Amino acid sequence: MMTAQKLVKETKIIISISLLASLVLFATWVILEATTLAFTENKAFLALSLIPLSAALASYLKLKKLQNNPKVMVSETDERLVAEKNEADAKALKLLQGVLFLSYLGYTFIIPEDTFHSFGWWMTLGILLLSLFSPLMFRQITKRT
Amino acid sequence: MQLLKNKKIKIARVEADLSQEQLAERVGVTRQTISLIESGNYNPTLKLCTSICKALNKTLNDLFWEE
């Protein structure tokens, strides 16, 4: 059963990581704007920095809600609800793995000349492998801790 | 598999003069979870079982052992 303190700690970590990611992307945009270095489109970094910022804001609001209302905390830490959420997450991961596999397969067969050559093909393969191996990796990390 | 209704918990809870809401609050879960355990539709973890036993001043044998 997840404890309330653990939940608050996890939410704080999510806020920190999201803010850091947002800051890095924003700083990249500032550097690219200030120097003569040109990426495909510098504004993309600014737009991307808004995504983790929004995630951090959402987590911050969740944290405030958790700290103000103990009943919300209980529903977030209830072992049955946590188990239901984990099951839904696992099913969503399986679905995403399927979609990624089909994308990889489709890409390879539709544009065979890109295989082993284009950045897009390597990205598709990398994301597919990450989705397949990251659950095992995290299981090992959880076992050790 | 359909779990058997756990009447022992309901009886112990009523004997302790607690509502589902009060028991849920003591063990740190929602009222719906207690309701589902009593109706046999949720199989609680050992940790939750022991919390319920402590809250109702009973043993695991008293509440969860099936003859």
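Here, each number is a calculation from the coordinates, and none is a lab measurement. None of the values given here were measured: they were computed from a predicted structure. Here Cβ is always computed from backbone atoms with ideal geometry, including for glycine, and neighbour counts include all displayed protein chains.
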Answer in debye to the nearest 20: the dipole magnitude of the protein assembly as shown about its Cα centre, from +1 Lys/Arg and -1 Asp/Glu charges placed on Cβ, is 700
Taking chain B, the whole-percent share of alpha-carbon pairs separated by over 18 angstrom is 24
Need one number: convex hull volume per residue for chain A, Cα atoms only, in Å³.
153
Only counting other Cβ atoms within 10 Å, I'd like B:Asp17, A:Asp89 sorted with the fewest neighbours first.
B:Asp17, A:Asp89
What residue among A:Leu23, A:Ala83, A:Phe133 has its Cα farthest toward the positive end of the dipole of chain A, where the charges are +1 on Lys, Arg and -1 on Asp, Glu, each on the Cβ?
A:Ala83
With an 8 Å cut-off on Cα pairs and a minimum separation of 6 or more residues, tell me the relative contact order of segment B:24-67 in percent.
28
Between A:Phe109 and A:Phe133, how high is the FRET efficiency from 1/(1 + (r/R0)^6) when r is the Cβ-Cβ distance and R₀ = 22 Å? Nearest 0.05.
0.40
Separation of segment A:1-36 and segment A:91-108 by C-alpha centroid, Å?
28
Segment A:84-136: radius of gyration over Cα atoms, expressed as a fraction of 2.2 N^0.38 Å
1.30
Over 22 Å between Cα atoms: which of A:Lys9/A:Lys65; A:Lys94/B:Lys47; A:Lys6/B:Lys8; A:Lys143/B:Lys54; A:Lys91/B:Lys10 fall into that group?
A:Lys94/B:Lys47; A:Lys6/B:Lys8; A:Lys143/B:Lys54; A:Lys91/B:Lys10
